[in-house]
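The values are calculated or read from the model by the stated rules, or taken from the named source; none is laboratory data. Model, not experiment: these values are computed from the prediction. All Cβ positions, glycine included, derive from the backbone under ideal geometry; neighbour counts span all protein chains shown. Please note that ligands, DNA and RNA were not included when accessible areas were found on the heavy atoms of the full protein model with its side chains. Shrake-Rupley method; radii C 1.70, N 1.55, O 1.52, S 1.80 Å.
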Amino acid sequence: YSADASAMSSTWKSSDFRLLNDVYTTGAYFENKIYSAESPTIHIPTVTYSDRLFVCLEEMFEVESSYDYVSVEASTDFDKPWNKIYGRSGYTDGLVYDYTEIVGYSNKDVKFRLNLVSDSSYTASGFSLKNFEILLWQYDNYVITPQLRGLTVDPADEAKTVVNVEAPKLKEIKIQD
């Protein structure tokens, strides 16, 4: 699943987030308020023991550190309970990529909810997303050296066995709390 800000503004339910330029945002927020946006139902494919499932965000936020926070929650029953799968407080220096691994959603229908929760003092610029993605990292797809498949290593000769493994490089991730 992948949604940019424009797709989020037309498919996610919210009276708190809006499309502004190329981000889906709360904008500057008020005190003592919970801002939220709820995704459509997303079917998560089967995740095997060697695969990993991630929620990936291209985001920026500025909220009062340690008091206000942004989060992502998930639910399989679409009401209660919502499980917090990601949370941050503080600010980013512009748009950043961030991700969190999620477990327990294999072969299920899931809704995700974005939140910004504020207290009664300081307010700031809010929470903005450019992209929201659910990514399935399938380990076998990233092992591209054919030597690994069916390789038999003699323990007595292990020091002489050379195996080259190539894996994709993650983009730089900057997180500031």
Note on the stretch 55-123: alpha-carbon gyration tensor, axes a ≥ b ≥ c; rule is a/c under 1.5 for rounded, else prolate if a/b larger than b/c, else oblate; result oblate
Given the pairs Lys13/Lys84; Lys108/Lys130; Lys33/Lys108; Lys80/Lys130, which are separated by over 21 angstrom at their Cα positions? Lys108/Lys130; Lys33/Lys108; Lys80/Lys130
May I ask you to give the percent of accessible area on the stretch 1-142 that is carbon plus sulfur, with a probe radius of 1.4 Å? 48
Please give the per residue volume of the convex hull enclosing the alpha carbon atoms of the stretch 1-112, rounded to a whole number of Å³. 118
So for each of 110-117, 82-89, 9-16 I average, over its residues, the number of other beta carbons within 10 Å; can you give me the resulting order with the highest mean first? 110-117, 82-89, 9-16
